[in-house]
Amino acid sequence: MKEIEIDSEKRNAYWAVQLAAHVDYLKKHSPFYKDLKGEVSKVDDITQFPFTSKDDLAERNEDFLAIPQVEIRDYSATSGTLGDPVSYYLSEKDLQRLAQNEKGSLEIAGCTSKDVFQLMTTIDKQFMAGLAYQMGVRALGSGMVRTGPGVPYMQWRSILKYKPTVLIAVPSFIPYLLDYAEKNGIDANTTSVKKIVAIGEALTNADLENGALMNRIKDRWNVELISTYASTEMATAFTACAENSGLHVQPELIIVEVIGEDGKQVSHGEIGEVVVTPLGVEGTPLLRYRTGDICKYYDTPCSCGRTTPRLGPVLGRKQQMIKVKGTTIYPNMIVEALNAIEELKQYIIEISTNEWGGDELSIRCEASNAEVPRLITERLRSGLRVTPNIIVEDAKVLRELRFSENHRKPILVRDLRG
């Protein structure tokens, strides 16, 4: 465990030095930040600088490039969750930093060089996460089986042949993997797999209790499930340790703020928007970047020994906040409620605008029996005090909507508001 993960005074001193160097680099090399005003002597000086928004990055994408084009070694892009993909450029140093990031993330998750990994997510389509996992596993000194997403037959064939100990996967795919195993006489609990590093979906609720999806998986498979959170713009992963008490920041790589509606840091246990300043980035450096992600903030020491700030799972995007008849909810609150319904195999949450200009909630679902729509309505009405529209969809159609060729992660939420 690194010293700055434990000693808050040394961590703040480190952040002050790194932030000063970062701001100096931005002023000299970034067209977007060239007129930045202010100097840094302590980490709290970060609050004097303006926020950077997703709109800034989308509208002035090329102005964020801080290196000559000949020095670009990788052309990554955002997943385009809320719009068109945005380019993100990496230098050779950035690629090395990416490997360091994922190695650190896997070490927080308790992985070692003795592990063998199976990568069940894409590495193409300019997806930074797949590249990061590949490079991080190499930096850890471990082996990697790159199976990519989907195709349960291929996943089990690789598990049985290569005997990986860690799967890197989207957690909502795991029940399908287990269904296939049961139908084909494979006992998951006698295989080599001991741990699943989850990408793209939350495994706990905002209070850090096991979520419904985590419980559904653990009831069938005796594996350790590790939550992670990252984005292309962060170039850094937040990762849960074995204590499962929140997602740890990697302080040598990033400064994180969680801000309320007033733009100020929230207190322990409060919910706010995640704002990040990735350190040591050359190609597309950012300062106080508003991710739009809503998380709960924790700053008490973790029982693992780290004193770094921690995040709860992403409750939703700020833009995806839903207000239905006076009740304010975020998509992950709906996801958590739906994941608790064992009869519900697939679903997509849709947010639209009704004829009166208010928010309307619909659930497109695969109904294995006539009880599923009733169970969804009862669960959301009793747990969240909202009554959704239920649209029963053909399983194949729903699967195509969830796993679109234009997206690199399953689509759980479609925001159709203008």
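The values are calculated or read from the model by the stated rules, or taken from the named source; none is laboratory data. Here the structure is a predicted model, which is why all the values come from computation and not from measurement. Backbone-built Cβ (ideal geometry, glycine too); neighbour counts: all protein chains shown. The area values use the complete protein model at the heavy-atom level, side chains included, leaving out ligands, DNA and RNA. Shrake-Rupley method; radii C 1.70, N 1.55, O 1.52, S 1.80 Å.
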**Request:** Could you let me know the centre-to-centre spacing of the range 227-267 and the range 361-388, using Cα atoms, in angstrom?
**Result:** 32 Å
**Request:** Would you list, by chain and number, the lysines whose Cα falls below 19 Å from the Cα of Lys125, excluding same-chain residues fewer than 8 positions away?
**Result:** Lys409
**Item:** Between 0 and 90°, nearest 10: helix 128-140 axis offset from the chain longest Cα axis
**Value:** 80 degrees
**Fill in**
Mean separation of Cα contacts under 8 Å (at least 6 apart) over the residue count of the chain, i.e. the relative contact order in percent, is 13 percent
**Asked** Hey, if we sort Val145, Val392 by accessible area with the 1.4 Å probe, largest down, what's the order?
**Response** Val392, Val145
**Cβ-derived FRET efficiency at R0 25 Å, Asn222 paired with Lys114, nearest 0.05** = 0.80
**Prompt:** What pairs in Lys54/Lys264; Lys54/Lys114; Lys34/Lys93; Lys161/Lys218; Lys114/Lys218; Lys194/Lys396 have C-alpha atoms more than 29 Å from each other?
**Reply:** Lys54/Lys114; Lys194/Lys396
**Request:** Determine the per residue accessible area of the chain with all protein chains present and a 1.4 angstrom probe, expressed in square angstrom.
**Result:** 45 Å²
**Message:** Rounded, prolate or oblate for the range 1-107? Axes are the square roots of the Cα gyration tensor eigenvalues, ordered a ≥ b ≥ c, and the cut-off for rounded is a/c under 1.5.
**Reply:** oblate
**Prompt:** Which percent of the accessible heavy-atom area of the range 187-300 goes to carbon and sulfur, probe 1.4 angstrom?
**Reply:** 42 percent
**Two-decimal Rg/Rh across the range 148-283, once Rg and the Kirkwood Rh are taken from alpha-carbon atoms** = 1.05
**Request:** May I ask for the distance between the Cα centers of the range 177-211 and the range 82-159, given as a whole number of Å?
**Result:** 18 Å
**Item:** Antiparallel DSSP beta bridges within the chain, as percent of all bridges there, nearest 5
**Value:** 65 percent
**Complete:** So for the range 66-133, using the alpha carbon gyration tensor with a ≥ b ≥ c as root eigenvalues (a/c under 1.5 gives rounded; past that, a/b versus b/c decides prolate or oblate), I'd call it oblate
**Fill in**
For the pair Gln319 and Glu261, the simple spin-label estimate (label points 7 Å beyond Cα toward Cβ) gives in nm 2.1 nm
**Asked** Excluding ligands and nucleic acids, what accessible area in Å² is computed for Ser267 using a 1.4 Å probe, to the nearest 10?
**Response** 70 Å²
**Nearest 10 degrees, 0 to 90: helix 371-384 Cα axis against the chain principal axis** = 40 degrees
**Item:** Ranking by accessible area, most exposed first, for Leu384, Leu119 with a 1.4 Å probe
**Value:** Leu384, Leu119
**Request:** In nm, give the distance between the simple-model label positions of Leu401 and Glu9, each being 7 Å from the Cα along the Cα-to-Cβ direction.
**Result:** 5.7 nm
**Prompt:** Measuring from label point to label point, each 7 Å out along Cα→Cβ, what is the Lys28 to Tyr180 span in nm?
**Reply:** 5.1 nm
**Message:** Counting only protein heavy atoms and a 1.4 Å probe, tell me what percentage of the range 12-59's accessible area is made up of carbon and sulfur.
**Reply:** 50 percent
**Item:** Gyration tensor (alpha-carbon) shape descriptor, the range 116-164, a/c threshold 1.5
**Value:** oblate
**Item:** Cβ-derived FRET efficiency at R0 35 Å, Gln96 paired with Tyr153, nearest 0.05
**Value:** 0.45
**Message:** To make sure I understand the rule: partners must be aspartates and glutamates, Cα under 12 Å from the Cα of Lys195, and not fewer than 8 residues away in the same chain. Which ones qualify?
**Reply:** Asp115, Glu224
**Item:** Linear extension gain, Ser303 paired with Asn210, 0.36 nm per residue minus alpha-carbon span
**Value:** 31.8 nm
**Complete:** Taking the square root of 5λ for each eigenvalue of the C-alpha gyration tensor of the chain, the equivalent ellipsoid has semi-axes, largest first and in whole angstrom, of 34, 27, 21
**Message:** Between 0 and 90 degrees, rounded to the nearest ten: what's the tilt of helix 152-162 against the longest Cα principal axis of the chain?
**Reply:** 60 degrees
**Complete:** Reported to the nearest 10 Å², Phe117 has, with a 1.4 Å probe, an accessible area equal to 0 Å²
**Asked** Which lysines have a Cα less than 18 Å from the Cα of Lys2, not counting those fewer than 8 places away in the same chain?
**Response** Lys10, Lys103
